[in-house]
1. Assign one of three labels to the stretch 15-59, namely rounded, prolate or oblate, based on the Cα gyration tensor with a ≥ b ≥ c the square roots of its eigenvalues; rounded applies when a/c is under 1.5, prolate when it is not and a/b is larger than b/c, and oblate otherwise.
2. Return the sequence-ordered ³J(HN,Hα) values of the stretch 20-26 in whole Hz as given by the Karplus equation 6.51 cos²θ - 1.76 cosθ + 1.60 applied to θ = phi - 60°, using x for Gly and Pro.
3. How much FRET efficiency would the formula 1/(1 + (r/R0)^6) give for Ala57 and Thr19, where r is the Cβ-Cβ distance and R0 is 30 Å, rounded to 0.05?
4. Once amide H atoms are built 1.01 Å from N in the peptide plane, which residues 5 or more positions from Leu25, or in another chain, come under 5 Å H to H?
5. Excluding Cys42 itself, calculate the net charge of residues whose Cβ lies under 15 Å from the Cβ of Cys42, where each Lys or Arg counts +1 and each Asp or Glu counts -1.
Amino acid sequence: MDGAIGPGGAGMNLEHIKTCVRCGLRYDWRRSSSASLKMTYCNHLCEAADLGFTIEALLHAEPEPEEAGTASG
Ligand SMILES: [Zn+2]
C-alpha cells in the first residue's frame, strides 16, 4: 500500500486562503469578519468600504415609514 506523495507543509490549507478584492490582502476566509461575503472581503470594513454598506446593515435596516396623509378615493 503506497501512500500518496504530495507537497509537504501540512497545516497551511490554501483552499481557505482568499484574496480580498478590496485591499488585496490574503486571508483565511473562515476568519473573515465579513458577514455574508467572507470569501470576498477580508473583513467587514472592506466589505462596507467597497459596497458602501454591509449586508448586516441591510438585514437590520428598518423600512422607511410610510408618509401618512394621502388618502385615495
Ligand atoms: Zn480587505
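No lab work stands behind these numbers, since they all come straight from the coordinates. Treat the numbers as computed from the prediction; the structure is a model and nothing was measured. Please note: Cβ atoms are built from the backbone with ideal geometry, for glycine as well, and neighbour counts cover all protein chains shown.
1. Here the stretch 15-59 falls in the oblate category.
2. 5, 6, 8, 10, x, 6, 8
3. The computed FRET efficiency comes out at 0.80.
4. Cys20
5. +3
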